[in-house]
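A short worksheet on the structure shown next.
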Amino acid sequence: MNTIDHPDIAAPAITSGPEQTHLRAGFIPLVDASVLITAAELGFAAREGLTLDLVRDVSWANIRDRLAYRQFDVAHMLSPMPIAAMLELGSNPSPTIAPFVLGRGGNAITLSARLFETMQAQTGLADDAGALDCAKALAAVITARRRDGERPLALGMTYPYSSHNYELRYWLAAGGIDPDRDVRLEVVPPPMTSDALAAGAIDGFCVGAPWNMIASEKGVGRIVATKQDIWASSPEKVIGLRPDWADRNRDSVSRLIVALNAAARWCDDPANHGALADLLAQGANLGAPVDIIQRVLAGQFALDAKGNARVVPNYFVFHGAAANCPSSTQALWVYSQMVRWGQVAYSPEAAATAASAFRADLYAAALGLSESPCEEGVADAFIDGRSFDPAELEAYVRSFITPNQGATA
Amino acid sequence: MSHFDLTILVIDENAVRAAIIEDGLREAGHAHVTVVHTVNGIARVIETTRPDVIIIDIENPNRDMMEHLFQLTRSVSRPIAMFVDRSDSASIEAAVEAGVSAYIVDGLKKERVKPILDMAVIRFNAFSRLQRELADAKSALEDRKVVERAKGILMKLRNLSEEEAYALLRQTAMNEKKKLADIAQSVVTAAGLLM
């Protein structure tokens with residue numbers, strides 16, 4: 001079979017037959033779809049000889065199924081989704097890989113304005129209190145509510161395998177709250193969060209931009225923590241592909257990564273944020289108010305409707321600091337949280353499977369980078385002062401299992 | 001045991017479409033069908049009915065909420081999304097296009113589920129057709145109204161008979177390669193501005 005191989009001639013980029021260059025890409029209307037939308041609409045994909053058809057969808061379950069059933073070739077996904085898929089968790093898991101991260105940041109935790117007032121009244125919490133102090137104040141309110149026989153607080157997030165689920169749980173636990181016993185976690189579609197908060201159906205939520213800002217500007221919610229407060233390095237959305245499709249379309253995958261990389265660099269430049277906000281605000285993309293999107297991109301947070309504000313530097317990182325690199329450190333951290341909250345058991349084999357979802361090799365090959373392109377190693381500090389070293393994964397996972405939590409598992 | 005013993009839950013915010021699906025299921029001999037129009041309180045419904053098959057419209061953003069619920073309640077044992085037979089791409093495409101999604105209790109034989117899904121797809125499509133026809137009929141009625149008004153304006157302003165007014169509108173539409181209703185609308189709009 002290898003008789004016609006010429007080792008002195010470089011292998012051609014296209015190895016087998018014509019590849020697919022017309023790609024259907026599914027996305028959910030969120031600011032963190034910026035890189036994908038920009039690649040499709042501002043010519044970055046076309047420059048690489050690709051046509052990207054964007055298809056807006058309404059649920060992560062649809063995105064997952066339509067990728068699995070070949071309705072989509074490319075999918076805007078929550079970073080834990082390919083990991084859950086590889087571990088065969090949830091409904092309809094189908095092998096999925098992530099060769100590109102669409103950036104960091106964008107999430108925040110918002111509590112109802114009324115709940116925040118209660119926290120202030122009961123604990124003397126300052127208007128500009130930090131994320132950890134807010135979690136501790138919430139813990140005090142929860143204890144008081146339990147003593148008074150009130151119903152447990154309901155908090156919304158987006159999907160069982162989402163950064164929002166793990167970030168919300170991390171923040172609650174850092175404040176001393178057990179997310180499975182002290183509160184009720186519910187899934188609320190992001191566009192419905194501020195209405196659900198206003199109606200009192202939920203008492204708070206953790207979702208992506210611009211929905212926190214929309215709730216705070218309406219005066220129904222108070223932003224108490226951003227993703228940066230919890231873990232700045234956490235990957236947010238990724239590009240998901242079917243591994244068999246990626247194998248058959250290696251050249252297209254490389255072109256896609258090059259296009260996304262250029263689009264990400266463009267999105268990261270503050271000089272382009274005006275144009276990006278205009279593009280995102282269009283009805284077919286996000287259809288949200290352009291001024292709110294602009295402030296989201298700038299990290300200018302209106303914390304509430306009373307005028308308390310905060311600027312979060314690097315609230316969105318689309319490209320800088322190797323934000324696009326799908327690092328195994330990130331995949332393993334997500335896996336550690338899946339174990340922590342009982343979604344999967346710990347084993348070294350499962351850890352390897354989880355890490356295999358993030359394909360830094362494809363990212364590196366497309367961009368001509370070294371074999372380990374991500375800045376691997378010990379990640380920056382978390383809200384509770386811990387750090388995550390992937391080399392010490394098992395010890396890290398065990399460190400979360402307190403006798404208390406062990407009893408519920 | 002026949003496939004008619006399956007318990008089926010239909011979740012659809014559109015009450016008319018839900019009724020069409022329910023009819024289809026009952027006609028096919030399914031006696032255990034529950035229909036709900038809202039996902040509020042769905043946990044209890046799932047707990048009490050213990051469905052083998054859940055049909056939910058694909059445009060419903062609450063699918064993510066359902067999947068979270070499956071993790072919590074465990075009353076539906078490991079429900080899997082949509083298709084038992086992933087190689088059957090024609091059915092998958094037909095269902096996605098029709099807007100049907102479904103959950104099926106793991107272990108259920110595909111021969112038992114396929115007729116249910118096929119029926120749901122046909123009924124979803126029938127509903128879309130119905131809606132389209134209704135919209136067409138409504139716009140035809142609107143068109144006729146505006147043509148009548150345009151004719152009236154022309155008859156009054158240019159002293160034409162009804163036939164002549166209609167002929168003038170039609171001729172103009174043909175000359176301009178536009179729809180009769182569009183020309184009539186321009187006449188009505190112009191008259192509103194000029195009179």
Within the stretch A:23-35, of all residues that are more than 15 Å from A:TRP60 (Cβ to Cβ) and assigned to a helix (DSSP H, G or I), the one modelled with the lowest pLDDT is A:VAL31
Do we find a residue being of a type outside the set (A, V, I, L, M, F, W, C) and in contact with a Cys (Cβ under 8 Å, 6 or more places away or on another chain) anywhere in the stretch A:86-106? yes
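For every residue, the table says whether it meets (1) within 30 Å of B:ASP5 (Cβ to Cβ); (2) in contact (Cβ under 8 Å) with a residue 12 or more places away in the chain; (3) of a type in the set (S, T, N, Q).
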position: B:ILE116; (1), (2), (3): yes, yes, no
position: B:MET119; (1), (2), (3): yes, yes, no
position: B:ARG129; (1), (2), (3): no, no, no
position: B:LYS145; (1), (2), (3): no, no, no
position: B:GLU163; (1), (2), (3): no, no, no
position: B:LEU168; (1), (2), (3): no, yes, no
position: B:THR172; (1), (2), (3): no, no, yes
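Every residue, every condition in (1) touching a helix residue (DSSP H, G or I) at 6+ places or on another chain (Cβ under 7 Å); (2) assigned by TED's automatic domain parsing to the domain that holds B:ILE8, yes or no:
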{"position": "B:VAL105", "(1), (2)": "no, yes"}
{"position": "B:LEU117", "(1), (2)": "yes, yes"}
{"position": "B:LYS151", "(1), (2)": "yes, no"}
{"position": "B:ARG170", "(1), (2)": "yes, no"}
{"position": "B:LYS179", "(1), (2)": "yes, no"}
Test result for A:ILE230, out of contact with any Cys (no Cβ under 7 Å at 6 or more places or on another chain), buried (at least 24 other Cβ atoms within 10 Å of the Cβ) and either modelled with pLDDT under 95 or more than 20 Å from A:GLU375 (Cα to Cα) (or both): yes
Tell me, which strands (runs of 3 or more DSSP E) lie completely within the stretch A:57-129 with 1 or more residues that are within 14 Å of chain B (Cβ to nearest Cβ), touching a strand residue (DSSP E or B) at 6+ places or on another chain (Cβ under 8 Å) and surrounded by 24 or more Cβ atoms within 10 Å (Cβ to Cβ)? A:74-78
Any residue at all in the stretch A:187-195 that's under 22 Å from A:ALA137 (Cβ atoms), part of a helix (DSSP H, G or I) and either in contact (Cβ under 8 Å) with a residue 40 or more places away in the chain or among the aliphatic types (A, V, I, L, M) (or both)? yes
Run down A:SER112, A:SER91, A:SER162 and say which single residue is of a type outside the set (Asp, Glu) and more than 23 Å from A:ASN212 (Cβ to Cβ). A:SER91
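The values are calculated or read from the model by the stated rules, or taken from the named source; none is laboratory data. Owing to the predicted nature of the structure, the values given are computational and were not obtained by experimental measurement. In this analysis, Cβ positions are derived from the backbone assuming ideal geometry, glycine residues included, and neighbour counts consider all displayed protein chains.
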